[in-house]
Amino acid sequence: MSSFGVSSSVAFLHRVAMRRPTAILEADPVVWHYAKQPDAARLTAQFDAFVALLEACGTDVEWLDDPAEQDGLADSIFTYDPSFTIADGAIVLRPGKALRSGEAELHERFYERIGLPVLGRIEAPGVIEGGDMFWLDDHTIAVGRGFRTNQAGIDQFAAIVEPRGIDLAVFDLPFHHGPEACLHLMSLVSPLADDLALVHLPLLPVALRQTMLDLGYRLLAAPAEEFDASLGLNLNVLATAPGEVLAIAGFEQTHALMGDAGCVVTAFEADELCIPCEGGPTCLTRPLWRG
């Protein structure tokens, strides 16, 4: 792979890593904390439609593995979480959800195969997930400390990225629905452009709000009723370029809010792919090259 590197959550999305749905199609919803048993045909169709939208935006998709491989990792379709990419390469993370522990090795093998440098790995007792991190600017990563990301993981991550000129800004996440639920920092913030973000104000860390305002961000407060109706996924939108986003269909107030702020919003059906499984369009993609 000749081109890679990420130092933004909103710059043009040239290339992503994704994984086709396999184990998730037969996942036990009780074990995996899904809202329902997935409908395999509808989930697969919605996934394929999402991939087609990404490619129509000019994004190249790299597949993590052979789609026939069965390893039981239902959540591995959500490739944003087990690793994080910066300008120099990738850091292999250690998910805080125990059922996801095997995904770190999957990502490491993928990076070795495509020739993207692995800069470090998070080891026990550290845990940290990509969903708890986004770029505030091109040299600062916001990090959420909560049930999926602990201080040991943050310290190890900092030791890898800080010598490369990247600062961390750490914020504590609320308890909300407790340790079994998935509440990432990016459950509460979705960057839309360099100075624009969609947020859920009732749960947003106060210090993060002030930090973003100090950096010149305009914060769009998504309607709380759509946050509740979507299990938080009205807020999970993917910027494919500054002000151009992919969002889950059905949450018109949230879409209108972004549209009124100058964003081009493309919606896709994901009532089977995303909402029951606690993962949105951002979660489905691991950016490999933005710029």
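Just so you know, all these numbers are worked out from the coordinates, no wet-lab data involved. Values in this document were obtained by computation on a predicted structure and should not be read as measured data. Neighbour counts run over all protein chains shown; Cβ positions are idealised from the backbone, glycine included.
Quick notes
- Set R20, R42: member being surrounded by 13 or more Cβ atoms within 10 Å (Cβ to Cβ), assigned to a loop (DSSP other than H, G, I, E, B) and not aromatic (F, W, Y): R20
- Qualifying residue in region 215-222 (condition: buried (at least 22 other Cβ atoms within 10 Å of the Cβ), more than 17 Å from L185 (Cα to Cα), touching a residue at least 40 places away in the same chain (Cβ under 8 Å) and among the aliphatic types (A, V, I, L, M)): no
- One residue stands out among those in region 176-202 that are among the aliphatic types (A, V, I, L, M) and more than 23 Å from F78 (Cα to Cα): the one that is nearest to the chain's Cα centre (by Cα), which is L196.
- Options A261, A267: the member that is surrounded by fewer than 24 Cβ atoms within 10 Å (Cβ to Cβ), touching a helix residue (DSSP H, G or I) at 6+ places or on another chain (Cβ under 8 Å) and within 18 Å of A193 (Cα to Cα): A267
- Scanning region 175-198 for residues that are free of Cβ contacts under 8 Å to residues at least 24 places away in the same chain and surrounded by 14 or more Cβ atoms within 10 Å (Cβ to Cβ) turns up D195, A197.
- Candidates in region 105-118 are the residues that are of a type in the set (A, V, I, L, M, F, W, C) and buried (at least 18 other Cβ atoms within 10 Å of the Cβ); of these, the one that is nearest to A158 (Cα to Cα) is L116.
- The residue that is surrounded by the fewest Cβ atoms within 10 Å (Cβ to Cβ), among those in region 82-104 that are among the charged types (D, E, K, R) and either out of contact with any helix residue (DSSP H, G or I) (no Cβ under 7 Å at 6 or more places or on another chain) or under 24 Å from P21 (Cβ atoms) (or both), is K97.
- Residue tally, condition part of a helix (DSSP H, G or I), over 30 Å from Y34 (Cβ atoms) and of a type outside the set (G, A, S), over region 197-235: 7
For (1) without any contact (Cβ under 8 Å) to a residue 60 or more places away in the chain; (2) crowded, with 22+ Cβ neighbours inside 10 Å; (3) out of contact with any His (no Cβ under 8 Å at 6 or more places or on another chain), each residue gets a yes or a no:
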residue: H200; (1), (2), (3): yes, no, yes
residue: A207; (1), (2), (3): yes, no, yes
residue: E226; (1), (2), (3): yes, no, yes
residue: I248; (1), (2), (3): yes, yes, yes
residue: E272; (1), (2), (3): no, no, yes
residue: I275; (1), (2), (3): no, yes, yes
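- Taken over region 208-234, the criterion of being within 14 Å of L196 (Cβ to Cβ) and aliphatic (A, V, I, L, M) is satisfied by M212, L213, L215, L219, L220, A221, A222.
- Flag if D172 is without any contact (Cβ under 8 Å) to a residue 60 or more places away in the chain, touching a Ser or Thr at 6+ places or on another chain (Cβ under 6 Å) and farther than 20 Å from T285 by Cα: no
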